[in-house]
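These notes are about the structure you will find just below.
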Amino acid sequence: MSPRGWALVTLAGLTVALLVTVAVFIPWHRPPAPRADQLAALRDLPADQVARGREFRAALRPGSYAGLAVGLLIALALGLTPLGSRLVELVGRPFGGHWIAQAVLGGLAVVLVADLLTLPFSAWRQTVLTRYGLSTNGWSGWAVDLLKSYAVSAVIGAVALFGFYLVIRLAPRWWWALGAAGAALLVMLLSFVLPVLVEPVFNKFTPMEQGALRTELMSMAARDGVPVRDVLVADASRRTTAVNAYVSGLGPTRRVVVYDTLLREATPAEVTAVVAHELGHAKDSDVAVGTLIGALGTAAAVVALYLLGSWGPLLRLAGVDTIAHPRAFPLVIALVTVAGLVATPVQALVSRRVEARADAHALALTGDPASFESMQRRLGTVNLGDPDPPRWEYLYSASHPSTVERMAAARAYAREARR
Ligand SMILES: [Zn+2]
């Protein structure tokens, strides 16, 4: 069989593995709380709070969707016309067109051009956040964060670009197989090291101070059978007034992190409800499953890229002879951008299912639906969320169930518990 035939077989195998993983590990069977309960929860929220959340989300919307649209147009302009390949050539010229210069510097230049052209939309977002009092870092802090994230992306991007085009040179016929394996490994490696290598670039993490709350959280984790070495507090207040918590990392790098803003704003019982939700993620290995899905998806994307990359009309548009050359990298970015926009609602759907399971875990573990509900209300108030966002937006991009869904889930749990 030819490499192309093997690639088709591999893509089919990866697709099946992806579908099986998503079918087995994502909790599809749990129905959402009835809409009537959600509407009742909505009516219980103060009208001015709901209005302010909606006003804030509406203020963000034009900038974020225009940013998405412009990002897509730039990716298509660079990838589906010879513009991008010329840019790669131009950047490589001072180095005699050496492939490493074209691959690494040319590749980073393409990404940087797209980033810079969508920068006004990020700045717009920052003005809205500042106007509504959610941002605390000012323009200098915003710029420093931006430069840090460019630097982190440049390091990771340079390694990935060099590795990818090196593999292509070493195995011109089978690069897609090695590239797919390498990309999957990179996803797993990043999931493992990001919490210890990258998160500290943006925030300081300190163990939660000793006291009644920490003791309660550690004993709850022990009761839950989830070994947690520590609960870490992030200095999120340097950047935002928003409250949040999350779990990241795998195995030895796994950690539960709460924002310092959460400890400041919420009652101890509410913090307990949040940490119980995060323990749910840990207990169900949601980070590991997410990493596996990401690794399979990325590997499939590399193989699909190889197969699509032999399609003449696409290559002619980009002004290149083969997808395997660094000059075709803008075409790769264009395809990845389109795929990302198409995958967004699917990722959001999977995420919402996983988050709903973590909510159910929190309710069962704490047995305290009242605190869970008041926590949801507080999250909505402090973070200026729309408690019941427009359906299209919810379906396209919501990573979590809506506030009213989560409140209704707490009420359903309380009803069951009373029985
Ligand atoms: Zn969660």
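The C-beta contact set for segment 56-80 (first residue without any contact (Cβ under 8 Å) to a residue 40 or more places away in the chain, second residue in a helix (DSSP H, G or I), distance under 7 angstrom, 6+ apart or interchain) comprises A77/L83. For segment 335-351, the criterion of being in contact (Cβ under 8 Å) with a residue 24 or more places away in the chain, closer than 15 Å to F25 by Cβ, within 16 Å of the ligand (Cβ to nearest atom) and touching a Lys or Arg at 6+ places or on another chain (Cβ under 8 Å) is met by none of the residues. Might you check whether a residue that is among the hydroxyl-bearing types (S, T, Y), under 23 Å from V243 (Cβ atoms) and either crowded, with 20+ Cβ neighbours inside 10 Å or out of contact with any strand residue (DSSP E or B) (no Cβ under 7 Å at 6 or more places or on another chain) (or both) occurs anywhere in segment 320-327? Checking segment 320-327: not a single residue is among the hydroxyl-bearing types (S, T, Y), under 23 Å from V243 (Cβ atoms) and either crowded, with 20+ Cβ neighbours inside 10 Å or out of contact with any strand residue (DSSP E or B) (no Cβ under 7 Å at 6 or more places or on another chain) (or both).
Taken over segment 36-95, the residue count meeting the criterion of being of a type in the set (A, V, I, L, M) and outside any helix (DSSP H, G or I) is 2. Quick one: would you say R264 is assigned to a helix (DSSP H, G or I) and either within 16 Å of the ligand (Cβ to nearest atom) or surrounded by fewer than 20 Cβ atoms within 10 Å (Cβ to Cβ) (or both)? So R264 passes the test. Checked against (1) open to solvent by less than 40 Å² (accessible area, probe 1.4 Å); (2) in contact with a Pro (Cβ under 8 Å, 6 or more places away or on another chain); (3) not hydrophobic (A, V, I, L, M, F, W, C), R353 passes all but a single condition, namely (1). Within segment 369-407, restricting attention to residues that are open to solvent by less than 30 Å² (accessible area, probe 1.4 Å), of a type in the set (A, V, I, L, M, F, W, C) and touching a Pro at 6+ places or on another chain (Cβ under 7 Å), the residue that is farthest from V50 (Cα to Cα) is A398.
The criterion of being over 22 Å from D284 (Cα atoms) and without any contact (Cβ under 8 Å) to a residue 24 or more places away in the chain does not hold for T206. Scanning segment 229-261 for residues that are open to solvent by less than 50 Å² (accessible area, probe 1.4 Å), touching a strand residue (DSSP E or B) at 6+ places or on another chain (Cβ under 6 Å) and part of a loop (DSSP other than H, G, I, E, B) turns up D230, V243, G249. Being modelled with pLDDT of 95 or more, away from the ligand (no atom under 16 Å from the Cβ) and under 19 Å from the mean Cα position of the chain (by Cα) is a property that L250 lacks. The set of residues in segment 92-111 being open to solvent by 40 Å² or more (accessible area, probe 1.4 Å) and not basic (K, R) consists of P94, F95, G96, H98, W99, I100, L105, L108, V111.
When T366 is tested against (1) of a type in the set (V, I, T); (2) more than 16 Å from the ligand (Cβ to nearest atom); (3) over 24 Å from R54 (Cα atoms), only condition (2) is not met. If the condition is being of a type in the set (G, A, S) and on the phi < 0 side of the Ramachandran plot, then segment 86-108 contributes G92, A101, A103, G106, G107.
Can you name every residue in segment 281-302 that is of a type in the set (S, T, Y), over 22 Å from I333 (Cβ atoms) and assigned to a helix (DSSP H, G or I)?
T291
I'd like the residue in segment 117-141 that is part of a loop (DSSP other than H, G, I, E, B) and more than 21 Å from the chain's Cα centre (by Cα) and, out of all such residues, is nearest to A51 (Cα to Cα). Among residues in segment 117-141 that are part of a loop (DSSP other than H, G, I, E, B) and more than 21 Å from the chain's Cα centre (by Cα), the one nearest to A51 (Cα to Cα) is Y132. Got at least one residue in segment 112-133 being out of contact with any Pro (no Cβ under 9 Å at 6 or more places or on another chain), open to solvent by less than 20 Å² (accessible area, probe 1.4 Å), more than 19 Å from G319 (Cα to Cα) and without any contact (Cβ under 8 Å) to a residue 24 or more places away in the chain? Taking every residue of segment 112-133 in turn, at least one turns out to be out of contact with any Pro (no Cβ under 9 Å at 6 or more places or on another chain), open to solvent by less than 20 Å² (accessible area, probe 1.4 Å), more than 19 Å from G319 (Cα to Cα) and without any contact (Cβ under 8 Å) to a residue 24 or more places away in the chain.
Beta carbons closer than 7 Å, at least 6 apart along the sequence or on distinct chains, pair a first residue in segment 354-366 that is β-branched (V, I, T) with a second that is within 10 Å of the ligand (Cβ to nearest atom) for V354/D286.
Within segment 293-320, restricting attention to residues that are within 30 Å of P82 (Cα to Cα) and within 21 Å of the chain's Cα centre (by Cα), which residue is nearest to the ligand (Cβ to nearest atom)? If you could, list the steps in order and put the result at the bottom.
Narrowing segment 293-320 to residues within 30 Å of P82 (Cα to Cα): 297-320.
The next check asks that each one be within 21 Å of the chain's Cα centre (by Cα); those that pass are 297-302.
Details: G297: 20, T298: 23, A299: 26, A300: 26, A301: 26, V302: 29 Å.
For segment 293-320, the residue satisfying everything is G297.
For segment 271-292, a residue qualifies if it is more than 13 Å from the ligand (Cβ to nearest atom) and open to solvent by 40 Å² or more (accessible area, probe 1.4 Å), and the qualifying residues are S285, A288, L292.
The values are calculated or read from the model by the stated rules, or taken from the named source; none is laboratory data. What you see is a predicted model, and the numbers here were worked out from it, not measured in a lab. We place every Cβ from the backbone using ideal geometry, glycine too, and count neighbours over all the protein chains shown. Heavy atoms of the whole protein, side chains included, go into the accessibility calculation; ligands, DNA and RNA do not. Shrake-Rupley method; radii C 1.70, N 1.55, O 1.52, S 1.80 Å.
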